[in-house]
Amino acid sequence: MLMLSEPPAERHTLWEDAFGLVLGCMLMALSVQFLRASDLITGQIAGLSLVVSYPTGLAFGAVFFTLNLPFYVLAVRQMGWRFTLKTFAAVALMSAFTEILPRVLIIAPAHPLISAAGFGVCAGVGLLILFRHGATLGGVGIVALWLQDTRGIKAGNVQLSFDLCVFALALFLFDWRTVLYSLIGAALVNVMITVNHRRDRYIARS
């Protein structure tokens, strides 16, 4: 148990944050590879980006980056410039990595359940690392962290609620089995965040 007499935690250094953002975004880009291996989708703004990119042929990274832009207004006003700049950097890194990674690593088609699990684990760990270093991948993540910090609503629960809306839309565009396996992956991500993301358990603040 954290004692009240303990000194306040220190912020991460610049290099620690930089390493955390790169590692978190690399894991997130890898999670997208698992989705692509079985043509699955996910929730949040990434899910909307995939829903748009699959039928239109537009690059996921470009769509993902564009859809995130409006959420920076909320980030600046409610979370501050430090959080916003790190989130902007994370979105840019994620967009770049998702375009570069397929050129050097291709995951062979697998059973959708395996792909969903691979996505869930990689994305869950990647997001936890980003949250730990005071960043998100924009969009719903900004809203989720703001609500958890100000209202005590679990970030994972906020994200899962939005994801259900995305998957409801996806039912009109994809086979129901694709949506079901995708929902399993998204649920795994949000359960990992709900269980593990608590600021009072951290040693250092972002």
Self-check item: Point-to-point label distance, D39-A89, nm (Cα→Cβ direction, 7 Å offset)
Solution: 3.9
Quiz prompt | Extension reserve of the C165-R11 stretch, reckoned as 0.36 nm per residue once the Cα distance is removed | solution = 51.9 nm
Exercise. State the extension gain, in nm to one decimal, for the chain segment bounded by H111 and A96, taking 0.36 nm per residue of separation less the distance between their alpha-carbons.
Key: 2.7 nm
Quiz item: Which ³J(HN,Hα) values, rounded to whole Hz and listed in residue order, are derived for the range 181-190 from phi using the Karplus coefficients 6.51, -1.76 and 1.60 in 6.51 cos²θ - 1.76 cosθ + 1.60 with θ = phi - 60°, glycine and proline given as x?
Solution: 5, 5, 5, 4, x, 5, 5, 4, 4, 6
Practice problem: Run through all the Cα pairs of the chain and give the fraction in each 10 Å bin from 0, expressed as whole percent. | Solution: 9, 36, 37, 14, 3, 0
Quiz prompt | Label-to-label distance, nm, for residues given as N157 and L74 (7 Å Cα→Cβ offset) | solution = 1.7
Quiz item: For labels at V22 and D175 in the simple 7 Å Cα→Cβ model, what's the distance in nm?
Solution: 4.0
Exercise. Could you tell me how many degrees, from 0 to 90 and to the nearest 10, lie between the Cα long axis of helix 112-132 and the main elongation axis, the longest principal axis, of the Cα atoms of the chain?
Key: 20
Exercise. Set Lys and Arg Cβ to +1 and Asp and Glu Cβ to -1, take the dipole of the range 14-200 about its Cα centre, and tell me which of N157, A187, L23 lies farthest positive.
Key: N157
Quiz item: ³J(HN,Hα) across the range 19-27 via Karplus (A = 6.51, B = -1.76, C = 1.60, θ = phi - 60°), whole Hz, x for Gly/Pro?
Solution: 5, x, 5, 5, 5, x, 6, 5, 5
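No value in this document is a laboratory result; all are computed from the given coordinates. Treat the numbers as computed from the prediction; the structure is a model and nothing was measured. No Cβ is skipped: glycine too gets one built from the backbone with ideal geometry, and neighbour counts run over all protein chains shown.
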